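Below you'll find the structure, written out as structure tokens, and then a few comments.
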Amino acid sequence: MRVINTENSFTVSSEGYGDYGLYLIAKERVEQIIKHGFNKDHDNKYEKDELLKASLYMLFFHYRDLFPEGSLDHFYDMFPWSDYWRKKFEEKDCAEALVIIGAMIAAQLDVLHSNH
């Protein structure tokens with residue numbers, strides 16, 4: 001996989017590579033940065049693990065059948081953003097959710113790295 005960074009532009013390519021999941025996550029992360037402005041400066045404003053909390057909520061929501069009844073309640077209460085974002089996440093299918101979760105975890109890792 002290659003991520004090419006040029007001025008205000010990223011290109012993600014999986015050509016010739018078998019890491020399709022990694023490609024999808026990198027592509028999503030680039031979209032978060034370019035399309036939505038969720039860059040390092042934006043993400044560094046999160047001081048209470050909001051990216052991780054949203055990721056956990058999405059994981060539990062989309063795979064709630066794997067957990068005991070009522071398990072989602074705790075994650076519902078700790079979701080860090082508005083109902084607008086919660087509903088957008090809930091509308092995704094499981095595969096799309098995993099890609100977004102992976103990209104948000106990558107963003108959380110970047111936040112942790114930049115704070116050290």
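Suppose the chain between Glu31 and Lys45 were pulled fully straight at 0.36 nm per residue; how much longer would it get relative to their current alpha carbon spacing? Please report the intermediate quantities before stating the final value.
Details: separation 14, 0.36 × 14 = 5.04 nm, distance 1.90 nm.
Full-extension gain reported as 3.1 nm.
So, R0 is 25 Å and r is the distance between the beta-carbons of Asp93 and His116; what FRET efficiency does that work out to, to 0.05? Mind dumping the intermediate values first?
Details: r = 35 Å, r/R0 = 1.42.
The pair Asp93/His116 has a calculated efficiency of 0.10.
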Qualifying lysines (Cα of each under 19 Å from Cα of Lys92; at least 8 residues distant if same chain)
Lys27, Lys35, Lys53
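Every number here is computed from the coordinates shown, using simple stated rules; none is lab data. Everything quoted here is computed from the prediction, not taken from an experiment. With ideal geometry, Cβ positions are generated from the backbone for all residues, glycine too; neighbour counts draw on all protein chains shown.
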